[in-house]
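Take a look at the structure set out below.
The values are calculated or read from the model by the stated rules, or taken from the named source; none is laboratory data. Note that this is a predicted model, so its numbers are computed, not measured. All Cβ positions, even for glycine, are placed from backbone atoms using ideal geometry, and neighbour counts span all protein chains on display. Just the protein is used for accessible areas: all its heavy atoms, side chains included, with ligands, DNA and RNA removed. Shrake-Rupley method; radii C 1.70, N 1.55, O 1.52, S 1.80 Å.
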Amino acid sequence: MSKLGSLGARLHRGEVGYDFVGNRKIWYGISILITITAILGLTVRGLNMGIEFQGGAVFTTPKNTNASVTQAETYAQDASGHQAIVQKLGDGSLRIQIAGIDTAKSDTIKNTLAKDLNVNAESINADLVGPSWGEQIASKAWQGLAIFMVLVVIYLAIAFEWRMAVAALVALIHDITITTGIYALVGFEVTPGTVIGLLTILGYSLYDTVVVFDSLKEQAKDITRQTRWTFSDIANRSINSTLMRSINTTAVALLPVAGLLFIGGGFLGAGTLNDISLSLFVGLAAGAYSSIFIATPLVADLKEREPQMKALRKRVLAKRAQAAAHGEPVQPEQADEYGDESEDAAPAVVGPRNQPASRNRGRGRPSGKRR
């Protein structure tokens, strides 16, 4: 077994682990800082909405147009009075996108571009998008996002409990804010492909969160019948036991997305791939982070406010203080199941326990001595 696989097995068995829940204030602080940066990006720079949301026109020139991208941008801005985005396609043609223009002026802009680019106006293909259609697309996107959020909360509240539903909702909002903030800071165009990518990463984020919540629900069953662990201890064990699974799932998903973003969009210049690949890349990373560092620690915070969990925590800490006073180990024993109260009454130990001598020792097997 590889070292990584061995570590994953030890994490799952609870032999090793990191105190994610105990250090939750650090993760909350990091998330707040990143979220504030994202909100500032949205406030100061705003989102670069595509023509699907603003309305406008897309002009495609003939193949092997002699003008450069910079020249075409200048020609398009002079002809329309609006900022233009120009992309050079693989066949040598230019894709000139002008948002926010009146579609009635498209013919005038098209003729001006043809004259500046020294091509026939009939050879330029024009695709027009009205602003009303863009508003419908934006409205449907918001409706889809709202319906998704409501269904997530209802499902988690039924399958688990309302605290987990609240924590998952906070984690999803965290992922959306960070992803959209990155889009604002980078300046990538927001298209329907971006919305599809955003909804996709919410599904990935929810999957990772549900995996941890399912482990937490199983391990926290009958938690008040023992005095070995607090709820925070169980939450921390749930994160560690599913940690390698979350990392592996995210890494496998990020590899092809990174190929689309950095190779397809960066080196090959396929700008249309950036619409969906950036939202997927940032969202998958943010989703894995929120599932581990935000959602489950937040559930632990909410659960520890319950009277039963407060009483349990008091009993557990009292038992550990008593064990420490007798010079015994105070760390909770790492085991897969709780055991009953009689087992909890004994202090946790490391290593083999002392076993009483059995009356039947040697029965049924040779003793090694000849008679």
For the pairs 221/310; 140/217; 140/303; 110/140; 63/140; 221/319, note any where the Cα-Cα span goes beyond 25 Å. 140/217; 140/303; 110/140; 63/140
Accessible area of the stretch 76-169 divided out per residue, in Å², using a probe of 1.4 angstrom: 57
Restricting to Cα pairs under 8 Å and 6 or more apart, the percent relative contact order of the stretch 41-171 works out to 29
Give me the percent relative contact order of the stretch 109-167, please, defined on Cα pairs under 8 angstrom at least 6 residues apart. 16
Share of the stretch 163-283's accessible area from carbon and sulfur, percent, 1.4 Å? 70
Quick check for you: with a 1.4 Å probe and neighbouring chains kept, what is the accessible area per residue of the stretch 180-327, in Å²? 42
Compute the distribution of all C-alpha to C-alpha distances in the stretch 46-159, in bins of 10 Å from 0, and list the percent of pairs in each, rounded to whole numbers. 14, 38, 22, 12, 9, 4, 1
Using mean Cβ contacts within 10 Å as the protection proxy, how do 31-44, 54-67, 105-118 order, highest first? 54-67, 105-118, 31-44
Give me D for the stretch 34-112 in µm² s⁻¹, whole number, from Stokes-Einstein with Rh from the Kirkwood sum over alpha-carbon pairs, 25 °C and 0.890 mPa s. 177
Hey, what's the stretch 31-74 come to in accessible area per residue, 1.4 Å probe, Å²? 55
Taking the Cβ of residue 214 as the centre, find all other residues whose Cβ is under 13 Å away and add up their charges (Lys, Arg: +1; Asp, Glu: -1). 0
